[in-house]
Amino acid sequence: MKNIEKDSLLLSQVIPYFHEWLKTRGMREATLRGYKMDINQFQKWLAARSNGPIFVNEINRQHIEGFVHYLTHERKCKPRTINRKINAMSTFFNFLKKKKIVEENPLEDFERVKVPDSERIYLTKEEIEAIIKSM
């Protein structure tokens, strides 16, 4: 990556470097797989809406907001899923910033989607006693 002009780096070119960097971070395999899927989904979504090459340094907050809108309204993703994708993209752009490929992370201070509180369901005392008796 050192020999490539950073202003002309395509999104598709840096994604494999990000995947390799994640592996060196000691993340679990499931996390690596999730980040890879999320970044690839963003890249495919952006490519489908672009009239040309996607340069990493041209991706901005409006692109991220458009992707979140797509996930929310077209894909009907749940808030936790959307937040996971936002977190994956934020990690991706932090990586690019550390490697001095971009100057800013467009997801810095990006507001996450509100996750509705879900009511927890607990067993009653009688249900617990019934389970113990059946053992």
Given the criterion within 30 Å of Arg28 (Cβ to Cβ), out of contact with any helix residue (DSSP H, G or I) (no Cβ under 6 Å at 6 or more places or on another chain) and not acidic (Asp, Glu), identify the matching residue among Phe93, Phe67, Phe55. Phe93
Quick check: is even one residue across segment 3-24 among the polar types (S, T, N, Q), touching a helix residue (DSSP H, G or I) at 6+ places or on another chain (Cβ under 7 Å) and at negative phi? yes
Considering each of Ile131, Ile82, Ile64, Ile86 in turn, give the residue that is modelled with pLDDT of 95 or more, in contact with a Leu (Cβ under 8 Å, 6 or more places away or on another chain) and farther than 17 Å from Ile15 by Cα. Ile82
Among Ala130, Ala47, Ala88, the single one that is over 30 Å from Thr24 (Cα atoms), without any contact (Cβ under 8 Å) to a residue 60 or more places away in the chain and of a type in the set (Gly, Ala, Ser) is Ala130
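The values are calculated or read from the model by the stated rules, or taken from the named source; none is laboratory data. Treat the numbers as computed from the prediction; the structure is a model and nothing was measured. Cβ: placed from backbone, ideal geometry, glycine included. Neighbour counts: every protein chain shown.
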